[in-house]
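Peer 1: Dumping the structure here so I can ask a few things about it.
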Amino acid sequence: MVRFRPNVAALMTRSDGRLLICERSTVKGSWQFPQGGVDFGESAEEALHREVQEEVGLLKGHYDILRKLDGYRYLYPEEVRAKKIRKHGFHGQAQTYFHCLLKPGAPEVNVNQRPREFSAYRWIEPSEFDLDWLPVFKRDVYRQVMRDFFGIQL
């Protein structure tokens with residue numbers, strides 16, 4: 001039986017419509033959205049707030065949740081699946097995406113959190129997102145997410 005780890009991701013936008021992307025500290029040139037696993041007993045919203053704070057330093061009072069969609073899934077690639085199954089017991093991730101709007105006066109993003117997951121961040125137009133920034137196994141999900149939230153075909 002295939003098991004999926006519950007996961008949340010933040011599509012953080014500013015009032016000008018620009019979207020936050022962050023570069024993974026372990027993989028130069030790999031840009032993604034703040035995201036992470038849902039802990040046992042935690043709601044998706046609680047996980048979102050925790051992950052956003054842990055990864056980019058924003059508190060839940062710094063942004064509003066505009067929309068939430070779930071049902072996005074991907075399998076880990078074969079070469080890492082056995083390791084992930086041993087570590088977490090899951091074959092892939094089932095993601096819930098939240099479109100969040102940064103409030104006026106919110107502090108700047110801070111990727112210098114500990115442990116550090118990101119080395120840099122940028123605000124881009126959603127149409128500027130490049131699927132080549134991602135591992136191949138995540139691209140279909142990102143393609144669907146960008147279509148569902150922003151009406152963009154990548």
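The values are calculated or read from the model by the stated rules, or taken from the named source; none is laboratory data. Remember, it's a predicted structure, so these values are computed and weren't measured experimentally. Methodologically, a virtual Cβ is constructed for each residue, glycine included, from the backbone with ideal geometry; neighbour enumeration extends over all protein chains shown.
Peer 1: Quick check on this structure: which one of PHE4, PHE40, PHE33 is modelled with pLDDT under 95 and in contact with a strand residue (DSSP E or B) (Cβ under 6 Å, 6 or more places away or on another chain)?
Peer 2: Answer to the selection: PHE4.
Peer 1: Still on this structure, I have one more. Yes or no: the stretch 123-137 includes at least one residue that is assigned to a strand (DSSP E or B), in contact with a Ser or Thr (Cβ under 8 Å, 6 or more places away or on another chain) and at pLDDT 95 or above.
Peer 2: no
Peer 1: Which strands (runs of 3 or more DSSP E) does the stretch 9-83 wholly contain that include 3 or more residues that are in contact with a Phe, Trp or Tyr (Cβ under 8 Å, 6 or more places away or on another chain) and surrounded by 14 or more Cβ atoms within 10 Å (Cβ to Cβ)?
Peer 2: 19-24, 63-75
Peer 1: Okay, moving on. Would you call VAL145 crowded, with 17+ Cβ neighbours inside 10 Å, within 16 Å of the chain's Cα centre (by Cα) and either at pLDDT below 95 or part of a loop (DSSP other than H, G, I, E, B) (or both)?
Peer 2: So VAL145 fails the test.
Peer 1: Still on this model: So which residues in the stretch 99-119 are more than 20 Å from TYR63 (Cα to Cα) and surrounded by fewer than 17 Cβ atoms within 10 Å (Cβ to Cβ), if there are any at all?
Peer 2: Passing the criteria: ARG114, PRO115, ARG116, SER119.
Peer 1: List the number of the failed condition for THR96; all other conditions in (1) in contact with a helix residue (DSSP H, G or I) (Cβ under 6 Å, 6 or more places away or on another chain); (2) polar (S, T, N, Q); (3) surrounded by fewer than 18 Cβ atoms within 10 Å (Cβ to Cβ) hold.
Peer 2: Of the numbered conditions (1) in contact with a helix residue (DSSP H, G or I) (Cβ under 6 Å, 6 or more places away or on another chain); (2) polar (S, T, N, Q); (3) surrounded by fewer than 18 Cβ atoms within 10 Å (Cβ to Cβ), the odd one out for THR96 is (3).
Peer 1: Can you name every residue in the stretch 57-87 that is under 25 Å from PHE98 (Cα atoms) and of a type in the set (A, V, I, L, M, F, W, C)?
Peer 2: The answer is LEU58, LEU59, ILE65, LEU66, LEU69, LEU75.
Peer 1: Checking the structure you have, find out if any residue of the stretch 106-119 is among the basic types (Lys, Arg), out of contact with any strand residue (DSSP E or B) (no Cβ under 7 Å at 6 or more places or on another chain), free of Cβ contacts under 8 Å to residues at least 24 places away in the same chain and not in a loop (DSSP other than H, G, I, E, B).
Peer 2: Taking every residue of the stretch 106-119 in turn, none turns out to be among the basic types (Lys, Arg), out of contact with any strand residue (DSSP E or B) (no Cβ under 7 Å at 6 or more places or on another chain), free of Cβ contacts under 8 Å to residues at least 24 places away in the same chain and not in a loop (DSSP other than H, G, I, E, B).
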